[in-house]
Amino acid sequence: MNIYKTKKLLEINKMLTQSLKLEEILHHVIVAARALIDVSDVLIIYLYDKEANKLKFAKGEGVDKEQLKKVAFSPGESITGKIFTEKKSKLFTSEQEIDEYMENMTDENYRHYYEGVRRRKIRSMFCVPIINKGRCLGVVAVNNYNQNGVFTEEDMQVIKVVADQSAIAIDNANVYKNLKEKNTLLKRSIAIHNQFYQLIIEGRGIKNIISLLERMISSPVVFYTHVNERDEANAFPIRRGDDILGVLMLGRPFPSFSEMDQIAIEQASLSIALELIKDNAIYEKEIHFREQVFNQLLEGKSGSDLQHALRYVKWDEDWIVQCMILEGRDHPLWEAERLIDKERFVKSIERISSSVGLHSLIFTRAFQLIMIIPKFKQKNIKELINGIQTLWKNEKDIYYGVGRETTIHDLSISYKEALRSIGYAKLHNVQIVEYAKLGIERLLYEVDKDILDMFMNDQLQQLYNLDESFIDTLRIFIELNKNHKKTAEMLHIHSNTLYYRLKKIEEVLQIEFNNEKDWIDLVIAFRLYVASNKKDE
């Protein structure tokens, strides 16, 4: 290597180490190759795009740059791809060898490449990989289209030195570029955060957060409390830990947005989560206040205390009210660990109540939802229950306990009746229990349990000693209101067998079924027996 080339390489090395801009580095490499290689017609630098897994045109001299920008070589494709994969420099001295290395180039790449080199055929060339820390960053291709121009091993070694020097500079430039981009991203991210934070501080609400996000990402956004499975691909969840508070329905899937837009969506999601948490805390206080109003009405307050409570619920003192309690059959009506699950359920009941023209007082106690309903017409309660059933039939199995209509001053009576009704519904697995429509059960609720057990045992003690078939016979006989024929058919026994069993029961219990008092006492005692769960029906 002569002194000129050595000095030139030192100058290039200095320039490369001083630059952190990729465009400048590639320019220096092209200028250096031009100055150091005498017979080159075309110089091309390809850099590896990791995301696309392609080698793409980065810089060139003596070519149609617009055409070459359309070329994208896969690793192992054509000369460039093979040099990239093998990470070894190669000097080509014959057209045949060049053609063999280029034969697996795709038709599309060949079409753009051929136009890019201005439809000339390569006579000789060499390729040098750009390698740093064992990673190949790209390839330098030096071509000659002149029949008299032949490259030497020394030419290739000179460019290899330049490539090795440029590899370090390119790596540094990439690191610098990434740091600069991350810094820019961080600044913009902080700016986005501050805009959403300002909305929260000002209490502008979810609607304004959505509007700001739409402007930032230039795409429509809708907030839903539940995700529609059809559009799940476009749904971005709003989370609080593992609890999903809602979803942002985007115009397209989240990954398709730019990194900056994704940050904006995430910040909006966080802001909405904070709004929902804040709103939930306020709503919980509202529910608690409603319970305090209910307690005042329950205690039979009068004077100004009563008037304050009535003004809050917008009721008149002479209105008739009715209490209804809702409770889950096998599971609570809401999940305690999910932040806004209870709020969603209670608000849905509020909407249904308003839709049927009721100004109900609605609150919760433990896992029960309690409604105090002003009565205007009989169908209000039925419409209300139908509305709740329609909305929640696929998600919740609900018991309803309904007290009788009372004055506001006697509200405690309707509340106690609703409690008894919901207890009866759970005990007997009856979905809707109205206290006014209960039969003798209403009286039994008022009697001490020990007294009821004593009455039941006095009436049925001797029956327990009989075979189980006798108890089943009596159960069916009572259910069918003493219909002998239907009882025999239900039990699949002969009428004479039924006659024998019934007579045996009468003898053991020392009663007569035709005696009205004996029969009533027996029916009551047997109902108590079934309700006590001492025997499955």
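Listing for the model above:
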| quantity | calculated |
| --- | --- |
| Set I320, I325, I373: member being out of contact with any Phe, Trp or Tyr (no Cβ under 7 Å at 6 or more places or on another chain), modelled with pLDDT of 95 or more and surrounded by 12 or more Cβ atoms within 10 Å (Cβ to Cβ) | I325 |
| Failed item, numbered, when N496 is tested on (1) polar (S, T, N, Q); (2) farther than 16 Å from Y529 by Cα; (3) in contact with an Asp or Glu (Cβ under 7 Å, 6 or more places away or on another chain) | (3) |
| Among the candidates D467, D453, D521, residue that is closer than 27 Å to G401 by Cα and out of contact with any Asp or Glu (no Cβ under 6 Å at 6 or more places or on another chain) | D453 |
| Any hit, the range 500-518, residues being surrounded by 14 or more Cβ atoms within 10 Å (Cβ to Cβ), in contact with a Ser or Thr (Cβ under 6 Å, 6 or more places away or on another chain) and assigned to a helix (DSSP H, G or I) | yes |
| Residue list for the range 410-465, filter: among the β-branched types (V, I, T) and at pLDDT below 85 | I440, V447 |
| Only one of E77, E108 that is acidic (D, E), under 53 Å from the mean Cα position of the chain (by Cα) and open to solvent by 50 Å² or more (accessible area, probe 1.4 Å) | E108 |
| The range 118-161, subset open to solvent by 50 Å² or more (accessible area, probe 1.4 Å) and within 12 Å of V42 (Cα to Cα), residue farthest from the chain's Cα centre (by Cα) | N146 |
| Test: residue in the range 290-299 that is more than 23 Å from E350 (Cα to Cα) and surrounded by fewer than 16 Cβ atoms within 10 Å (Cβ to Cβ) | yes |
| Filter result (open to solvent by less than 40 Å² (accessible area, probe 1.4 Å) and out of contact with any helix residue (DSSP H, G or I) (no Cβ under 8 Å at 6 or more places or on another chain)) within the range 162-189 | A167, D171 |
| The range 233-246 - residue that is open to solvent by 10 Å² or more (accessible area, probe 1.4 Å) and not charged (D, E, K, R) and, of those, nearest to L213 (Cα to Cα) | F236 |
| Tally, over the range 190-207, of residues that are among the β-branched types (V, I, T), touching a residue at least 60 places away in the same chain (Cβ under 8 Å) and either in contact with a Ser or Thr (Cβ under 8 Å, 6 or more places away or on another chain) or open to solvent by 80 Å² or more (accessible area, probe 1.4 Å) (or both) | 1 |
| Test: residue in the range 47-55 that is farther than 16 Å from I170 by Cα, open to solvent by 40 Å² or more (accessible area, probe 1.4 Å), in a loop (DSSP other than H, G, I, E, B) and in contact with a strand residue (DSSP E or B) (Cβ under 6 Å, 6 or more places away or on another chain) | no |
| Qualifying residue in the range 347-368 (condition: touching a residue at least 60 places away in the same chain (Cβ under 8 Å) and among the polar types (S, T, N, Q)) | yes |
| Selected residue (only one of A281, A309 is over 20 Å from V402 (Cα atoms), open to solvent by less than 10 Å² (accessible area, probe 1.4 Å) and free of Cβ contacts under 8 Å to residues at least 24 places away in the same chain) | A309 |
| Residue match in the range 333-353 (condition: closer than 20 Å to E417 by Cβ, modelled with pLDDT under 95 and open to solvent by 20 Å² or more (accessible area, probe 1.4 Å)) | no |
| Flag if I159 is at pLDDT below 90, under 30 Å from C127 (Cα atoms), touching a Ser or Thr at 6+ places or on another chain (Cβ under 9 Å) and of a type in the set (A, V, I, L, M) | yes |
| Unmet criterion (only one of (1) buried (at least 16 other Cβ atoms within 10 Å of the Cβ); (2) of a type in the set (F, W, Y); (3) at pLDDT below 75) for F92 | (3) |
| Counted residues, the range 158-180 - those being in contact (Cβ under 8 Å) with a residue 40 or more places away in the chain and either over 16 Å from I30 (Cβ atoms) or among the aliphatic types (A, V, I, L, M) (or both) | 13 |
| Wholly within the range 165-283, strands (runs of 3 or more DSSP E) carrying at least 2 residues that are touching a Phe, Trp or Tyr at 6+ places or on another chain (Cβ under 7 Å) | 243-250 |
| Pick from the range 310-343, criterion part of a loop (DSSP other than H, G, I, E, B) and among the basic types (K, R), ranking: nearest to the chain's Cα centre (by Cα) | R338 |
| Some residue of the range 519-530 being open to solvent by 40 Å² or more (accessible area, probe 1.4 Å), assigned to a loop (DSSP other than H, G, I, E, B) and free of Cβ contacts under 8 Å to residues at least 60 places away in the same chain | no |
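The values are calculated or read from the model by the stated rules, or taken from the named source; none is laboratory data. In this text, all values refer to a predicted model and were calculated from it rather than measured experimentally. Quick reminder, even Gly has a Cβ in these numbers, built from the backbone with ideal geometry, and neighbours come from all protein chains shown. For the accessible areas, the whole protein counts, side chains as well, though only heavy atoms, and no ligand, DNA or RNA atoms are used. Shrake-Rupley method; radii C 1.70, N 1.55, O 1.52, S 1.80 Å.
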